[in-house]
1. Would you be able to tell me the number of residues in region 1-17 that are of a type in the set (D, E) and surrounded by fewer than 13 Cβ atoms within 10 Å (Cβ to Cβ)?
2. Could you check how many residues of region 38-57 are touching a strand residue (DSSP E or B) at 6+ places or on another chain (Cβ under 8 Å) and not hydrophobic (A, V, I, L, M, F, W, C)?
3. Quick one: G77 ticks every box in (1) within 17 Å of G101 (Cα to Cα); (2) in contact with a helix residue (DSSP H, G or I) (Cβ under 6 Å, 6 or more places away or on another chain) except a single one, so which number is it?
4. Checking the conditions here, which among A49, A20, A38 is surrounded by 15 or more Cβ atoms within 10 Å (Cβ to Cβ), modelled with pLDDT of 95 or more and small (G, A, S)?
5. Among the residues of region 77-91, what is the count of those that are surrounded by 14 or more Cβ atoms within 10 Å (Cβ to Cβ) and over 15 Å from T37 (Cα atoms)?
6. So which strands (runs of 3 or more DSSP E) are wholly in region 24-114 and hold at least 1 residues that are polar (S, T, N, Q)?
7. Anything in region 52-67 that is modelled with pLDDT of 95 or more and either open to solvent by 50 Å² or more (accessible area, probe 1.4 Å) or more than 16 Å from D31 (Cα to Cα) (or both)? List them, or say none.
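The values are calculated or read from the model by the stated rules, or taken from the named source; none is laboratory data. Please read these numbers as outputs of a predicted model, since none were measured by experiment. Backbone-built Cβ (ideal geometry, glycine too); neighbour counts: all protein chains shown. Heads up: the accessible areas ignore ligands, DNA and RNA and are worked out on the full protein's heavy atoms, side chains in. Shrake-Rupley method; radii C 1.70, N 1.55, O 1.52, S 1.80 Å.
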Amino acid sequence: LRPRPPIADGALAADAGATAMLDVSDGLLLDARRIATASRVAIDLDGAAVGDRAALLGGEDHALLACFPPAAALPGGFRPIGRVREGSGVLIDSVASDEPGGWDPFAGWDGRAG
């Protein structure tokens, strides 16, 4: 009932050279796919580093997902959970994942309803 969004971590990530960043409130898998699509890359998540399927598919989390250059020192509040690769979409342990995951508030919306 008293969330603590990591707002200060966003500024630290930017200072550390983050090249892309998004809150994962709609779910890690869905939001990682959004970054991958917008950046025209693949994001390969390490299943062991992420934890369990609930961490991939859940939502309403107060965390940030950021991409950093390989040599960047990760600031406090961030830990490596995967890597950016050539390609597209999201992979989990190098296996493509087509599972939507998370919650998409715009799923099925065509824009004509307002």
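1. As a first pass, look at region 1-17 and keep what is of a type in the set (D, E): 9, 15.
Adding the requirement that they be surrounded by fewer than 13 Cβ atoms within 10 Å (Cβ to Cβ) leaves 15.
Residues meeting the conditions: 1.
2. Just the residues of region 38-57 that are touching a strand residue (DSSP E or B) at 6+ places or on another chain (Cβ under 8 Å), to begin with: 38-39, 41-47, 49-50, 56.
From what's left, not hydrophobic (A, V, I, L, M, F, W, C): 39, 44, 46-47.
Result for region 38-57: 4.
3. (1)
4. Just a single option satisfies the conditions, and that option is A20.
5. 4
6. Numbers: elements: 42-45, 64-67, 82-85, 89-92, 95-97.
Counting at least 1 such residues, we get 95-97.
7. none
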